[in-house]
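Worksheet: the structure to be examined is printed underneath.
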Amino acid sequence: MSDRYLSGKTALVSGAGQGVGQGIALALAEHGAAVALLGRSVDKLEATRALIEAAGGRALAVAANVKNADELAAAVDATVSHFGGLNILVNNAQEVPLGTLLDLKEEAVEAGWQSGPVATLRLMRLCYPHLKGDGAIVNLASSAAMRWDMSGYGAYAAVKEAIRALSRAAACEWAADGIRTNVILPHAMSPSLKWWTEARPEEAAEFVQSIPMKRIGECKEDIGEFVATLCSDACRYVNGQSIALDGGQANLG
């Protein structure tokens, strides 16, 4: 498989301004895909775009809040208009509702649902007509639901498990239309995980020790590169799967 095995493809990546989303966007572009970068912060999106274009790739920054249905529709239209089509959708953006069940604010839970499973479903439906025939969807979930102690992670795990359920349905319903849908459950040193490791050092140290490989992944090298391969013809028979990119920590059964 050549290094530019995604040449001729166009991808839309949400939350592409930093962290895992940025790492995925960089890897997709490195392997030849044109990438639409979706997110709320134009400055961060433009920084990612600059990195891609400096390496000889093609990118478009598209400002949108994933909780806004009209802005998502406009983002998909802008992507297709600019690049002439769409082959890959990566749903990465997510507001994280953390806290014990009694302490959680309903606003945080609602933001988690709207930015997670609701936005994921909206983008999948909006992109569906363009993905038909040769499409790949990668949605991001989490192994939070498999934690040894889920205290404080119930709402986050719930929204991520909902994304897995929607993804499995899409994999079954849309495979005949030439669309593959898979889920990754990554551990990577994103800004949010870096904040968590600094805010809860003892819990973070225990977390790292529970990873057989004893390290947290890199956004591009460990997560982005895998997503690029998953979206390629090398994985054309992979559909409906949840794949943990976590150094062997989670047992998905």
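The values are calculated or read from the model by the stated rules, or taken from the named source; none is laboratory data. Predicted, not measured: the structure shown is a model, and the values here were computed from it. When we count neighbours, we look across all protein chains shown, and the Cβ atoms used for this are built from the backbone with ideal geometry, even at glycine. Please note that ligands, DNA and RNA were not included when accessible areas were found on the heavy atoms of the full protein model with its side chains. Shrake-Rupley method; radii C 1.70, N 1.55, O 1.52, S 1.80 Å.
Taken together, 55, 25 contain a single residue that is modelled with pLDDT of 95 or more, farther than 21 Å from residue 195 by Cα and under 16 Å from the mean Cα position of the chain (by Cα), which is 25. The conditions of being under 17 Å from residue 137 (Cα atoms) and either touching a His at 6+ places or on another chain (Cβ under 6 Å) or open to solvent by less than 10 Å² (accessible area, probe 1.4 Å) (or both) are met by residue 34. Reported count of residues in segment 37-48, each being assigned to a helix (DSSP H, G or I) and either out of contact with any strand residue (DSSP E or B) (no Cβ under 7 Å at 6 or more places or on another chain) or surrounded by fewer than 24 Cβ atoms within 10 Å (Cβ to Cβ) (or both), is 5. For segment 2-16, filtering for residues that are surrounded by 11 or more Cβ atoms within 10 Å (Cβ to Cβ) and either free of Cβ contacts under 8 Å to residues at least 12 places away in the same chain or not in a loop (DSSP other than H, G, I, E, B) (or both) leaves 5.
Total residues in segment 217-244 satisfying the condition of being out of contact with any Gly (no Cβ under 7 Å at 6 or more places or on another chain), among the aliphatic types (A, V, I, L, M) and open to solvent by less than 20 Å² (accessible area, probe 1.4 Å): the figure is 3. Taken together, 66, 96, 62, 109 contain a single residue that is without any contact (Cβ under 8 Å) to a residue 60 or more places away in the chain, touching a helix residue (DSSP H, G or I) at 6+ places or on another chain (Cβ under 8 Å) and either assigned to a loop (DSSP other than H, G, I, E, B) or open to solvent by 70 Å² or more (accessible area, probe 1.4 Å) (or both), which is 66. Inspection of segment 245-252 finds no residue satisfying the criterion of being of a type in the set (D, E, K, R), under 22 Å from residue 24 (Cα atoms) and open to solvent by 30 Å² or more (accessible area, probe 1.4 Å).
Okay, residues lined up against (1) without any contact (Cβ under 8 Å) to a residue 40 or more places away in the chain; (2) surrounded by fewer than 21 Cβ atoms within 10 Å (Cβ to Cβ); (3) of a type outside the set (Gly, Ala, Ser):
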position	(1), (2), (3)
80	no, yes, yes
83	no, yes, yes
92	no, no, yes
100	no, yes, yes
116	no, no, no
122	no, yes, yes
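How many of the residues in segment 150-199 are open to solvent by less than 10 Å² (accessible area, probe 1.4 Å) and outside any helix (DSSP H, G or I)? Residues flagged as open to solvent by less than 10 Å² (accessible area, probe 1.4 Å) and outside any helix (DSSP H, G or I) within segment 150-199 amount to 7. Of all the residues in segment 124-135, those that are in contact with a helix residue (DSSP H, G or I) (Cβ under 7 Å, 6 or more places away or on another chain) and open to solvent by less than 50 Å² (accessible area, probe 1.4 Å) number 2.
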